[in-house]
Amino acid sequence: MLANHPVAELPDIQAWGVFRYEDINHILRNDGDPFSIERRFDRMPEEQREVYFATGTLVGIDPPRHTRLRSLAGQAFRPNVIEGLRPYAERTSAALFDKVLPRGEFNFLTDYATPLPQAMITEMMGVPDDDRELYYGLTRDIENSMSHYIGMPVSDEQLALGKKAYNQLCALFDPIFEDRRKNPRKDMMTGLIKAEADGEKLTQWELQKMAIFAYFAAFQTTQGLLSNSLVILDKNRDQLEKLRENPDLIPKAIDEILRYRAPAPVITRMTTADVELRGKTIPKGSMALLFLNAANHDPSVFPDPHEFDVERPNAARHLAFAIGAHFCLGAALARLEGQVFLQHWLKRVKDFEIMDKGPLDWEPENINVLTLRNLQVRVETFAQETA
Ligand code: HEM
């Protein structure tokens with residue numbers, strides 16, 4: 001597609017695909033016009049919009065209205081807040097590995113790649129430990145019912161589950177906000193309540209939406225980053241050894257992993273006017289799919305794009321977190337989790353083998369975020385681990 005059909009109509013799902021880095025970069029840097037994040041929900045029945053982030057969240061509005069909400073929400077994601085979470089990430093990662101490494105074999109997805117991001121975002125939000133599993137199930141129900149707005153089939157049962165999950169999450173978050181008003185803490189919920197720009201605060205409804213969306217956005221994406229890391233390093237052992245010899249390369253390696261396989265492979269916009277691009281006309285009102293993974297493998301930006309190279313000089317230019325107005329607010333948190341994982345893995349695991357010899361077990365219902373359902377792994381730890 002990159003070489004021959006950089007802009008293509010995709011009639012099966014009534015959408016248009018855009019593939020090249022230059023085009024996607026340009027679209028996102030001018031977000032809102034004529035590619036709108038807000039209008040992409042136009043096809044969705046009114047009663048479903050509330051559930052699917054069409055209203056009230058950062059990914060449901062274009063600039064300039066987006067700018068106000070973003071500057072309010074951004075205050076809860078300041079670099080010092082995220083960096084302050086590093087010790088918690090390290091403690092959590094260490095505890096998870098303490099539990100599973102001595103077993104010699106475990107499911108990396110359910111035993112590490114799920115609980116780490118879950119712990120991080122719930123810690124940021126102040127969700128009680130005992131409720132974490134419940135929150136996880138609810139976000140999966142929402143996620144699995146979402147693909148219909150880009151024309152993919154979703155059953156009535158999935159839709160109903162998504163709606164129910166949304167209402168349950170609202171009910172779970174409300175008391176947390178209530179509590180933070182009376183007892184402020186150093187967490188994201190307190191940050192959202194305190195956030196103020198130009199004398200304005202987030203309304204209760206915006207608070208609810210922000211919390212649900214942030215929880216949702218933080219979770220399966222980071223799960224994808226962690227499991228992709230393992231799968232990619234398994235297939236590129238020379239790069240793994242390079243990291244072991246020079247751990248300073250870890251931050252770069254995380255960006256190369258994000259470039260090599262973006263956890264959210266495609267994002268969507270709707271055109272608000274006819275758009276001429278690469279000799280094609282995308283008509284007004286079309287759903288445009290921006291293939292971030294394709295852009296991240298565009299040879300005009302990333303030479304030898306299918307090579308995984310932890311020393312790639314421009315790896316951080318990838319679009320896995322998008323760019324422009326909607327650039328991922330949690331990018332620093334995701335990078336931090338990826339780095340902590342690699343540091344601990346390289347220090348503790350001498351060798352490993354991925355047990356699934358056949359095709360990987362991808363979650364089939366969710367095309368917004370590519371996630372595995374299982375990743376069984378056998379490990380050999382360093383001597384001091386088992387001693
Ligand atoms: C590897 C992990 C992650 C990936 C690949 C990722 C990817 C993305 C992408 C592609 C977008 C842009 C969506 C669009 O323009 O349509 C986005 C936005 C966003 N992400 Fe992430 N994300 C990750 C982790 C996180 C985390 C950990 C959080 C929260 C703690 C988070 C919160 C957000 C928020 C709030 C937005 C909306 C920003 C806006 O519209 O202004 N993300 N993310």
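For segment 25-37, state whether one or more residues are crowded, with 21+ Cβ neighbours inside 10 Å, at pLDDT below 90, β-branched (Val, Ile, Thr) and under 28 Å from VAL7 (Cα atoms). No, that holds for no residue. Applying a threshold of 7 Å to beta carbon distances and a minimum spacing of six or more residues, or different chains, the list of pairs starting in segment 14-36 at a residue that is within 16 Å of ASN293 (Cβ to Cβ) and within 13 Å of the ligand (Cβ to nearest atom) and ending at one that is in a loop (DSSP other than H, G, I, E, B) and of a type in the set (Val, Ile, Thr) reads ASN25/ILE323; LEU28/ILE323. Based on this model, can you work out whether ILE250 counts as of a type in the set (A, V, I, L, M), within 24 Å of VAL349 (Cβ to Cβ) and away from the ligand (no atom under 11 Å from the Cβ)? It is true that ILE250 is of a type in the set (A, V, I, L, M), within 24 Å of VAL349 (Cβ to Cβ) and away from the ligand (no atom under 11 Å from the Cβ). Screening ASN4 against (1) outside any loop (DSSP other than H, G, I, E, B); (2) at pLDDT 95 or above leaves a single unmet condition, (1).
The residues listed here are ALA253, ALA294, ALA218, ALA262; of these, the one that is of a type outside the set (Lys, Arg) and surrounded by fewer than 24 Cβ atoms within 10 Å (Cβ to Cβ) is ALA294. Checked against the criterion of being surrounded by 17 or more Cβ atoms within 10 Å (Cβ to Cβ), more than 16 Å from the ligand (Cβ to nearest atom) and within 20 Å of ILE354 (Cα to Cα), the candidates LEU243, LEU225 yield just one match: LEU243. When ASP62, ASP141 are checked against the criterion of being outside any helix (DSSP H, G or I), surrounded by 14 or more Cβ atoms within 10 Å (Cβ to Cβ), of a type in the set (Asp, Glu) and at pLDDT below 90, a single residue qualifies: ASP62. For segment 203-219, the criterion of being farther than 30 Å from TRP345 by Cα and part of a loop (DSSP other than H, G, I, E, B) is met by at least one residue.
If you go through segment 1-30 and keep only what is β-branched (Val, Ile, Thr) and under 25 Å from ALA316 (Cβ atoms), you end up with VAL18, ILE24, ILE27. Just for segment 297-328: of the residues that are of a type in the set (Gly, Ala, Ser) and within 12 Å of the ligand (Cβ to nearest atom), which one is surrounded by the most Cβ atoms within 10 Å (Cβ to Cβ)? Here the residue is ALA320. Scanning segment 178-190 for residues that are touching a helix residue (DSSP H, G or I) at 6+ places or on another chain (Cβ under 8 Å), part of a helix (DSSP H, G or I) and surrounded by fewer than 18 Cβ atoms within 10 Å (Cβ to Cβ) yields one hit, ARG181.
The values are calculated or read from the model by the stated rules, or taken from the named source; none is laboratory data. Source: prediction; values computed, not measured. Note: ideal-geometry Cβ built from the backbone for every residue, glycine included; neighbour counts use all protein chains shown.
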